[in-house]
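Asker: Below you will find the structure I want to go over with you.
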Amino acid sequence: MKRIVKYVVAFVVLAVAAHFVTVWLFPDVLMNLAQGRIMQKTGGEYNKLYHGKPNNISNQVVVMTCPDLLYSFCVYDLEGKALRLRMPQVDTYWSVALYSGDTTNYLTISDRDFGGKPLDLILAGPGWKGEAPPGTRVVNTPDKKGLIMLRTLISDRQQVQRFTDMQQQARLELIEG
């Protein structure tokens, strides 16, 4: 009987440890890996937008990307700062996904949310006290560090360069204060 109790206790301890690793550590490890890959592309700079090339298996920055989308990424650090993300009106689907440091997707917006108007978004970090220009959507980030993923649809494979040019029009501007 004592031997069974030891096995049960060992099993419970291992189960709790596995739960801890899966729930608390795994998301951080995944986000650190993704941010590290993106930071390599931006020369180690925070708050810089990296525009990826059309996807294939050899140039994916993050896993499981869709070959019909162009991806742009930014690893941000916004303690007391904000980032303004702008992109002119484009004639294809686009979306922006915002992730906190623990991989939580805290906002996803698309061209449909802007009614065909240009994207003009401010990500306000903790402690930012600035004023947003009229008509600009402000999103308060839950953490000072996180990830921006901008996706642009390639709706016609014969016009990849045109869609790449659209993607390249997206801009980030760091706002102090």
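Asker: Specify which residue in the list 11, 100, 140 is farthest towards the positive end of the charge dipole of the chain, using unit charges on the beta carbon of Lys, Arg (+1) and Asp, Glu (-1), about the Cα centre.
Answerer: Towards the positive end, the residue furthest out is 11.
Asker: Toward the positive end of the charge dipole of the chain, about the Cα centre and with charges on Cβ (Lys, Arg +1; Asp, Glu -1), which of 89, 126, 25 goes farthest?
Answerer: Toward the positive end, the furthest listed residue is 25.
Asker: Another one. Just to check I understand the Karplus step: with θ = phi - 60° and J = 6.51 cos²θ - 1.76 cosθ + 1.60, what whole-Hz values come out for segment 85-97, glycine and proline as x?
Answerer: 9, 10, 8, x, 4, 10, 9, 8, 5, 9, 8, 10, 10
Asker: In addition: Roughly how big is segment 84-177's charge dipole about its Cα centre, with Cβ charges of +1 (Lys, Arg) and -1 (Asp, Glu), in debye to the nearest 20?
Answerer: The calculated dipole for segment 84-177 is roughly 40 debye.
Asker: Could I ask something else about it? May I ask you to give the average projected area over all directions of the convex hull of the Cα atoms of the chain, in nm² rounded to one decimal?
Answerer: Its average projected convex-hull area is 13.7 nm².
Asker: Identify which of 37, 86, 157 has the largest mean-square fluctuation in a Gaussian network model of the chain, with springs joining Cα atoms closer than 10 Å.
Answerer: Of the options given, 157 has the highest mean-square fluctuation.
Asker: Here is a further query. Using alpha-carbon pairs under 8 Å, 6+ residues apart, how would you state the relative contact order of the chain in percent?
Answerer: Normalised by residue count, the contact order of the chain is 26 percent.
Asker: Take peptides 111-117, 29-35 and line them up by average Cβ neighbours within 10 Å, highest first, as a rough protection proxy.
Answerer: Most protected by this proxy first, the peptides run 29-35, 111-117.
Asker: With +1 assigned to the C-beta of every Lys and Arg and -1 to the C-beta of every Asp and Glu, and no other charges, what is the dipole magnitude of the chain about the Cα centre in debye, to the nearest 20?
Answerer: Dipole size: approximately 600 debye.
Asker: Follow-up. Can you tell me the 0 to 90 degree angle between the C-alpha axis of helix 26-41 and the longest principal axis of the chain, rounded to 10?
Answerer: Approximately 40 degrees, to the nearest ten.
Asker: If you don't mind, there's one more thing I want to ask. Starting from the coordinates of the alpha-carbon atoms of segment 1-55, obtain the Kirkwood hydrodynamic radius over all distinct pairs and give the value in Å to one decimal.
Answerer: 14.6
Asker: To the nearest 500 deg cm²/dmol, what mean residue ellipticity at 222 nm is calculated for the chain from DSSP H runs of n ≥ 4 alone, each contributing -39,500 (n - 2.57), summed and divided by the residues?
Answerer: Taken over the chain, the calculation gives -8000 deg cm²/dmol.
Asker: Quick one: 3J(HN,Hα) in Hz for segment 66-76, Karplus 6.51/-1.76/1.60 with θ = phi - 60°, rounded, Gly and Pro as x.
Answerer: 8, x, 8, 10, 9, 10, 10, 10, 8, 9, 10
Asker: Using each residue's phi in segment 134-145, evaluate 6.51 cos²θ - 1.76 cosθ + 1.60 at θ = phi - 60° and report the 3J(HN,Hα) Karplus result to the nearest Hz, with x for Gly and Pro.
Answerer: Karplus-based 3J(HN,Hα) across segment 134-145 equals x, x, 8, 7, 10, 10, 7, 6, x, 10, 6, 10 Hz.
Every number in this text was worked out from the coordinates using simple rules, so none of it is lab data. In this text, all values refer to a predicted model and were calculated from it rather than measured experimentally. Note that each Cβ is placed from the backbone with ideal geometry, even for glycine, and that neighbours are counted across all protein chains shown.
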